[in-house]
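What follows is a short report on a single structure.
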Protein chains: 2
Amino acid sequence: MRWLTPEEQRAWRGFVRLHERLGGRLGRLLQSESNVSPADFAVLVHLTDTPEGRQRYQDLARALEWEKSRMSHHIARMAGRGMVVREDCLEDARGAFVVITDVGRAAVEAAAPRHVEAVRELFLDHVTPAELRVLAELSERVIGKLDEDVS
Amino acid sequence: MRWLTPEEQRAWRGFVRLHERLGGRLGRLLQSESNVSPADFAVLVHLTDTPEGRQRYQDLARALEWEKSRMSHHIARMAGRGMVVREDCLEDARGAFVVITDVGRAAVEAAAPRHVEAVRELFLDHVTPAELRVLAELSERVIGKLDEDVS
DNA sequence: TAGACGTAGTTGACACTTCACCCAATGTCC
DNA sequence: GGACATTGGGTGAAGTGTCAACTACGTCTA
């Protein structure tokens, strides 16, 4: 059996740990300063990316890589807090839309600047452009391989 | 307000998404093929790293970067499944040890080879040694900065 | 040595995720 | 146009994580 070499371990562990740490910090920051969970924020950002501020459940689920059940539960909770509303789909009676509300829009707009600033402060500012390029390429390549595997 | 440049976005999004995807795949693999959750696996691996197969709750929590409460709940559940036992600490009556059982040992040993193989197949095989080095260095540097910030 | 403060771990309530299953609408193939 | 699989989404229960409060022990200091 082929175990990991020290360099492989170092890179793999570093990668995993870095994400845990950064994710934790950024998440707590969103929560405490803007009263929005990372999951809420992700949903809201994706909704504001569309011109109408609305998206099909499934498209949203694919974009966020969530299971449909998680999407359903989470949107129900967000709807309860007034950040989004559910809307039936006329073309396909099975389907439904998630639509961002004014409350939701206000929440993203309040949270986004601080979040971006934190990403910069905690991550981007400590990484060179060359490293960033390597990271981007590597990520895209590996994600591409993961996608191939499924098919 | 300074938004992210396209290259910054590409790297940041890629990084986050890569971790989500890889984590998801590896986690589901552990769960389905070895009947061990990623969290269980992490605990068991850390325990087998020590000669006695035992560690203080707090040390384990620090190593895994879990909150003490999560550790307490999770160990209770794992104990319920017979993978570990709780043991009182004689030197410090407040403290306690987590000790791996034979069942736990068998579980890691069954799961580890397949897991390592998957990390290789899904990640390491698609990344050059040079990229790996960049990733390791970058990760360690940024984690170091995160640690400084706290102090 | 009494009080104050810190540390190790626990607990319960609540929020979130997953799993397994349900249902209705749609597609497709004969 | 009827059988059958597929798709889009919902649901309840069980598993998991977080937060705040709590117990009990240890340590420091006046």
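The values are calculated or read from the model by the stated rules, or taken from the named source; none is laboratory data. The structure displayed is predicted, hence computed values, not measured ones. Cβ coordinates were reconstructed from backbone atoms using ideal geometry, including for glycine residues, and neighbour counts include every protein chain displayed. Calculation scope for accessible area: heavy atoms of the full protein, side chains included, ligands and nucleic acids excluded. Shrake-Rupley method; radii C 1.70, N 1.55, O 1.52, S 1.80 Å.
Here are some notes:
- Filtering segment B:124-137 to residues that are open to solvent by 90 Å² or more (accessible area, probe 1.4 Å) and either within 8 Å of chain A (Cβ to nearest Cβ) or of a type in the set (Gly, Ala, Ser) (or both) leaves B:129, B:133.
- Single unsatisfied condition, residue B:19 versus (1) over 15 Å from the mean Cα position of the chain (by Cα); (2) free of Cβ contacts under 8 Å to residues at least 40 places away in the same chain: (1)
- Residues in segment B:94-111 that are more than 9 Å from DNA strand C (Cβ to nearest atom) and among the basic types (Lys, Arg): B:105 alone.
- Top-ranked residue in segment A:65-93 [being more than 9 Å from DNA strand C (Cβ to nearest atom) and surrounded by 18 or more Cβ atoms within 10 Å (Cβ to Cβ); ranked as nearest to the other protein chains (Cβ to nearest Cβ)]: A:75
- Matching residues in segment B:37-64 - criterion: being of a type outside the set (Gly, Ala, Ser) and within 12 Å of DNA strand C (Cβ to nearest atom): B:38, B:54, B:55, B:56, B:57, B:58, B:59, B:60, B:62
- Residue within segment B:18-27 that is over 30 Å from residue A:136 (Cβ atoms), assigned to a helix (DSSP H, G or I) and not hydroxyl-bearing (Ser, Thr, Tyr) present: no
- Extreme residue, farthest from the other protein chains (Cβ to nearest Cβ), among residues of segment A:138-151 that are under 19 Å from the mean Cα position of the chain (by Cα) and open to solvent by 40 Å² or more (accessible area, probe 1.4 Å): A:147
- Condition check for residue A:96 on (1) within 14 Å of chain B (Cβ to nearest Cβ); (2) in contact with a Lys or Arg (Cβ under 6 Å, 6 or more places away or on another chain): one failure, at (1).
- Against the list (1) within 14 Å of DNA strand D (Cβ to nearest atom); (2) within 14 Å of chain B (Cβ to nearest Cβ); (3) closer than 30 Å to residue B:111 by Cβ, the condition residue A:28 fails is (3).
- Filter pass, residue A:59 being more than 16 Å from the chain's Cα centre (by Cα), surrounded by fewer than 18 Cβ atoms within 10 Å (Cβ to Cβ) and modelled with pLDDT of 95 or more: no
- Residue A:14 modelled with pLDDT under 95, within 30 Å of residue B:121 (Cβ to Cβ) and either loosely packed, with under 15 Cβ neighbours inside 10 Å or within 14 Å of DNA strand C (Cβ to nearest atom) (or both): no
- The set of residues in segment A:31-40 that are outside any helix (DSSP H, G or I) and crowded, with 18+ Cβ neighbours inside 10 Å contains only A:36.
- Whether a residue is at pLDDT 95 or above, farther than 19 Å from residue B:37 by Cβ and either more than 8 Å from chain A (Cβ to nearest Cβ) or surrounded by 14 or more Cβ atoms within 10 Å (Cβ to Cβ) (or both) was assessed, and residue B:121 does not pass this test.
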